[in-house]
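Heads up, the thing below is written out as C-alpha cells.
The values are calculated or read from the model by the stated rules, or taken from the named source; none is laboratory data. This one's a predicted model, so the numbers in the text were calculated from it and none came from an experiment. Please note: Cβ atoms are built from the backbone with ideal geometry, for glycine as well, and neighbour counts cover all protein chains shown.
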Amino acid sequence: MTELTNRERMKIPRQEMPTQDPGVRRTNYDEVALGFTPELAQQEANRCIQCKKPKCVEGCPVGVPIPEFIKALREGDIEGSIRTMKEKNNLPAICGRVCPQETQCEAMCVLGKKGKPVAIGRLERYIGDYELTHRTCPLERPESTGKHVAVVGTGPAGLTCAVDLGRQGHEVVMFESLHSPGGVLVYGIPEFRLPKSVVHAEIDYAAECLGIRVHTDAVIGRLYTIDELLNEEGFDAVFLGTGAGLPSFLRIPGINYNGVLSANEFLTRVNLMKGYRFPEYDTPVKVGKKVAVIGAGNVAMDAARCSLRLQALQEMEGAAVHIVYRRSPAEVPARVEEFHHAEEEGVIFDFLTNPVEIYGDENKVVSGMRCIRTELGEPDDSGRRRPIPIEGSEFDMDVDMVIMALGTSPNPIVFIDAGGLERSRWGTIVANEETGQTTKARVWAGGDVVTGAATVISAMGAGKRAAADIDRYLEGESSPW
Amino acid sequence: MYKILEKEVLGDINKLMVIEAPEIARKAQPGQFIILRIDEYGERIPLTIADFDREAGTITIMFQEVGKTTMQLGTLEPGGELATFAGPLGHPTEIEDYGTVVCVGGGTSIAIIYPIARALKQAGNTVISIIGARNKDLLFWEDRMRAVSDELIVCTDDGSHGRKALVTEPLKELLEQRAIDRVWAIGPAIMMKFCAATTEPFGVPTIVSLNTIMIDGTGMCGGCRVQLTEGAKFVCADGPEFDAHKVDWDLLLARQRFYLDEEKQAIEHWEHECKLEAMT
C-alpha cells in the first residue's frame, strides 16, 4: 500500500462508531457505543497527519503519545500501539470510554480547525479492548524494592497510582470499602456507558501482572486508620484516592420523604448491586413514573438514563424522566456526548428551573414538587452565570420520584484519627497539585478527594503524578517532610 | 470470604452466628455495626455487632428471619462463608460513668444492648436492665444480662415469662421512683419510639440505635438518613446511636416501609428457587 499524503488523509471523513438505536437502547442496559471494527479503526487511524509538534498530547492529562500509538495501529502493529499507550496510560479500555476527549486531546487536534478532529478516544478504546481479549503485552513486574505502599480507594486515582507504583517494583495493597474494586467506575457509571466486565478485566489484568493485592471490605478510618497503616501495618507510604462520595441534598421542605434519593444511592442500587436485575439480584431499585433528576452533570445524565431504562423494563406507560436544572443549556456541565445521548433517548430538560419544596402523601412518599423559574445574572465564583429566582413564577410539577444529582464531597470517614492532614473548608485534602504531597508526612492524595468531583482522567493524572513522587521518595531521592 | 464458625438458634426466630473476622474484631466496640452480603447476588444489610472476641478474632451477630436475606442467612451452617463482612462501622456507644443507667433491649436487640450494658457496668455505672419480647420463646440471654446488670427486669407481652408488660411500663416506674441519669433503648423502631415518649417528660437523656435501610454503610448513599430536630443525619456515618428525643419517628417508620412490596417479592422468588433446587 502506498503511503497516503496528508491531503489525502484530511479528505477521509471522521469515522462514526456504531451505536445501538436510541429507541432500542433505552430499553436495555447493554453498552450504547459498540466500538470500532478493525476496518473503521484503520480508516480513522489513517486520518492522523502525524504533527511534528502534536498538540493533542498537550491536551491529555496523562500525556499519552497519541501520534505514535495511532501510527503503530495503522501500520498493523497493534502490539506496538498498545505498548506505546501503556507507557502513559494503563487503563485504555476505560479511558477510551469515559474521558471527555472533546475538551482534551481532540479539542487540540489540528484537523479540528477546519473539519473534525481525529477520533482519538475511539481508537484508544479499540486498542484497549483488543488488549483485554488478547493480552499481548502484559505489564512487567520488576524485582521488588521491598517498599510497601497502601493505596486507599480503588477508583481512577487509586488504580492509576497503584499500577504505576507496581511497575516500579513496589509492593502495593489497595484498600476498597465496597465489595468490588473500581470506585465510581463500578458504583456510579452505568453499564451501558462502561461495562463492568471491562472495569474488572482491566483491574484484574493489571493486579495479576504486578502482584497488587486488593483488600475489599476495608473501610479505612474504621478498620485501619491512616496512622495505623503507617506505623503498625508496615506501609512506607499511603496514597489517598478516596474520591468524593458524600452526596448533597437540597435544603428544602420534604427532602427526606420516601422517593427522594441521592443519585449515588440510585446508581449504586442499579450498577454495583445490579438492582435492574431484581429479583435475580437481591437489591431492589424503585423507579417513579414521573422522575425528576435535579442537576445536569454526568451523574445527572446517568441517573436520568438509568431511570428511562428501568421504566422500560417495567413496561410503564406514560412514563417520563425530567432533568431539572437551574441554569441554561449553555452551562450544562455534562460531557457533550452524554447530554446528547440523554436527549436522543427522550429525557425532558427543564432548564432555568429550581425546586423549592417536595410534597408527600399520607405515607410520606413523594407526590409532587414545587419549582420556581430562574433567570441568569452575573457570573459567580465558578465562572458560570448565577441563577436568580423569578418572583411569583412558582409552579407545581407532577413527579413521584426525585433524584438529587447536585455534586458530592469527600467522605470524612477516612480522616478519623488522621492528625496533621490539612483539609479545606469544603472537606477536600490540601495537597500539592504537582506531587500530591499532603501536609502529613508519608501521605499523598489525588483525584476528587483533592479537587472535589471532577473527571476520571483528571483523577488518573493526579494518581500518576503522585505515584512518580512516591517513587522518588521511596528511592530516597526526595524527602519533603 | 468470611467463614461462619458457630451457629446457635435462640428461641423461635433468633439466630446467632460467630463469624471469623480478625481484622474487624481488633477494632470493634459496643454500638458499632457491620454490613454483610451473602453471595454475589446478595444485598448489603447492616447488623449491629452483638459481641466480639479480639483474641479469637471473631464477631458475633444476631438476626431475626424477617426478610429474604436473613432467611437465607439462617439456612447457612458453620463452615459456610459470607461474601462480604465489612466493619466496624458507625460510632461506638459513648461509654462513661453516668451514674445510674437503664438499658432496655427488645426482642433480637437484646443481643445489641448486652455489650453496651456490659461496658457501662465496667465503666462504673449502676446498670438496671429491662429486656422484653412478645413471648417466652423469643427471649434469650437472660443469664448474660443478669451478669452485667445490678438489676434485671424481664417482661413478655403475653406474660409467658417474667412480668406481663411492655418494656415501657417498668421503664416508667423506674423513672418515677429513682434518679436515672441516662437510658439506652434498643429494639424495634416502634418500641424505641414509645420508650422515647416515656422518658421525655422526665427529661432523662435517652439513646437509641437506629437500624435503617442502607447500602454502603459509609455515608455514600444517604438512604439511611433520619430527620432530627436540627436536620437530617446519616445513620451509618453520624450514628447509629442518636438522641431519641430528637428523632422524627413517624418519618423513620415510613422510610422503613418503603420497600415492603419488593421484600415480599424477594421472599417469593427465593422460596420458588429453593423449591426448584429441592426438586433437582
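Which ones in the range A:333-382 are in a loop (DSSP other than H, G, I, E, B), in contact with a Gly (Cβ under 8 Å, 6 or more places away or on another chain) and of a type in the set (A, V, I, L, M, F, W, C)?
Passing the criteria: only A:ALA334.
Going through B:ALA56, B:ALA119 one at a time, which residue ends up being assigned to a loop (DSSP other than H, G, I, E, B) and hydrophobic (A, V, I, L, M, F, W, C)?
Of the residues listed, the single one that is assigned to a loop (DSSP other than H, G, I, E, B) and hydrophobic (A, V, I, L, M, F, W, C) is B:ALA56.
All but one of (1) at pLDDT below 90; (2) of a type outside the set (S, T, N, Q); (3) touching a strand residue (DSSP E or B) at 6+ places or on another chain (Cβ under 7 Å) hold for A:GLU140, so report the exception by its number.
If we test A:GLU140 against (1) at pLDDT below 90; (2) of a type outside the set (S, T, N, Q); (3) touching a strand residue (DSSP E or B) at 6+ places or on another chain (Cβ under 7 Å), just (3) comes out false.
Every residue, every condition in (1) at pLDDT 95 or above; (2) within 21 Å of B:GLY107 (Cα to Cα); (3) out of contact with any Pro (no Cβ under 7 Å at 6 or more places or on another chain); (4) of a type in the set (S, T, N, Q), yes or no:
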{"position": "B:ILE213", "(1), (2), (3), (4)": "no, yes, yes, no"}
{"position": "B:GLY219", "(1), (2), (3), (4)": "no, no, yes, no"}
{"position": "B:ALA244", "(1), (2), (3), (4)": "yes, yes, yes, no"}
{"position": "B:GLN256", "(1), (2), (3), (4)": "no, yes, yes, yes"}
{"position": "B:TYR259", "(1), (2), (3), (4)": "no, no, no, no"}
{"position": "B:LYS264", "(1), (2), (3), (4)": "no, no, yes, no"}
{"position": "B:GLU268", "(1), (2), (3), (4)": "no, no, yes, no"}
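Looking for something more than 9 Å from chain A (Cβ to nearest Cβ), over 20 Å from the mean Cα position of the chain (by Cα) and outside any helix (DSSP H, G or I) - is there at least one such residue anywhere in the range B:229-251?
Yes; the residues of the range B:229-251 include at least one that is more than 9 Å from chain A (Cβ to nearest Cβ), over 20 Å from the mean Cα position of the chain (by Cα) and outside any helix (DSSP H, G or I).
When you go through (1) farther than 21 Å from B:ASP12 by Cβ; (2) in contact with a His (Cβ under 8 Å, 6 or more places away or on another chain) one by one for B:LYS68, which number turns out not to apply?
Of the numbered conditions (1) farther than 21 Å from B:ASP12 by Cβ; (2) in contact with a His (Cβ under 8 Å, 6 or more places away or on another chain), the odd one out for B:LYS68 is (1).
So, in the range A:449-474, how many residues would count as being of a type in the set (Lys, Arg) and either within 24 Å of A:LEU406 (Cα to Cα) or in contact (Cβ under 8 Å) with a residue 60 or more places away in the chain (or both)?
Selection size over the range A:449-474: 1.
Which members of the range B:59-79 meet the condition of being in a loop (DSSP other than H, G, I, E, B) and either over 18 Å from the mean Cα position of the chain (by Cα) or not assigned by TED's automatic domain parsing to the domain that holds B:ILE24 (or both)?
Of everything in the range B:59-79, those that are in a loop (DSSP other than H, G, I, E, B) and either over 18 Å from the mean Cα position of the chain (by Cα) or not assigned by TED's automatic domain parsing to the domain that holds B:ILE24 (or both) turn out to be B:LEU76, B:GLU77, B:PRO78, B:GLY79.
Count, please, the residues in the range B:120-141 that happen to be surrounded by fewer than 24 Cβ atoms within 10 Å (Cβ to Cβ), out of contact with any helix residue (DSSP H, G or I) (no Cβ under 7 Å at 6 or more places or on another chain) and at pLDDT 95 or above.
Of the residues in that region, 6 qualify.
When you go through (1) out of contact with any Ser or Thr (no Cβ under 8 Å at 6 or more places or on another chain); (2) within 13 Å of chain A (Cβ to nearest Cβ) one by one for B:ILE35, which number turns out not to apply?
The single condition B:ILE35 does not satisfy is (1).
Being of a type in the set (A, V, I, L, M) and outside any loop (DSSP other than H, G, I, E, B) is the requirement here; does A:VAL62 meet it?
Criteria not met by A:VAL62.
Residue under question is A:PRO181, and the condition is that it be under 21 Å from A:ALA33 (Cα atoms) and either of a type in the set (Ser, Thr, Tyr) or crowded, with 23+ Cβ neighbours inside 10 Å (or both); does it hold?
In short, no.
Given the conditions (1) of a type in the set (Asp, Glu); (2) surrounded by fewer than 22 Cβ atoms within 10 Å (Cβ to Cβ); (3) more than 14 Å from every other protein chain (Cβ to nearest Cβ), report the number of the one that A:GLU280 does not fulfil.
Unmet for A:GLU280, out of (1) of a type in the set (Asp, Glu); (2) surrounded by fewer than 22 Cβ atoms within 10 Å (Cβ to Cβ); (3) more than 14 Å from every other protein chain (Cβ to nearest Cβ): (3).
Quickly run through the range A:445-481 and pick out the residues that are of a type in the set (Ser, Thr, Tyr), in a helix (DSSP H, G or I) and in contact with a helix residue (DSSP H, G or I) (Cβ under 9 Å, 6 or more places away or on another chain).
A:THR451, A:SER458
Identify all residues within the range A:254-268 that are among the hydrophobic types (A, V, I, L, M, F, W, C) and assigned to a strand (DSSP E or B); write none if there are none.
A:VAL260, A:LEU261
Any idea which of B:ILE35, B:ILE49, B:ILE19, B:ILE24 is among the hydrophobic types (A, V, I, L, M, F, W, C), closer than 16 Å to B:CYS224 by Cβ and crowded, with 16+ Cβ neighbours inside 10 Å?
B:ILE35
Which condition number does A:ASP227 fail, the rest of (1) within 14 Å of another protein chain (Cβ to nearest Cβ); (2) on the phi > 0 side of the Ramachandran plot; (3) in contact (Cβ under 8 Å) with a residue 60 or more places away in the chain being met?
Against the list (1) within 14 Å of another protein chain (Cβ to nearest Cβ); (2) on the phi > 0 side of the Ramachandran plot; (3) in contact (Cβ under 8 Å) with a residue 60 or more places away in the chain, A:ASP227 comes up short only on (2).
Suppose we filter A:GLY243, A:GLY234, A:GLY288, A:GLY295 for residues that are away from every other protein chain (no Cβ under 14 Å) and either free of Cβ contacts under 8 Å to residues at least 40 places away in the same chain or closer than 30 Å to A:LEU34 by Cα (or both); which single one remains?
One residue alone meets the criteria, A:GLY295.
Every residue in the range B:208-223 that is within 8 Å of another protein chain (Cβ to nearest Cβ), aliphatic (A, V, I, L, M) and in contact (Cβ under 8 Å) with a residue 60 or more places away in the chain, please.
B:ILE215 - this is the single residue of the range B:208-223 that is within 8 Å of another protein chain (Cβ to nearest Cβ), aliphatic (A, V, I, L, M) and in contact (Cβ under 8 Å) with a residue 60 or more places away in the chain.
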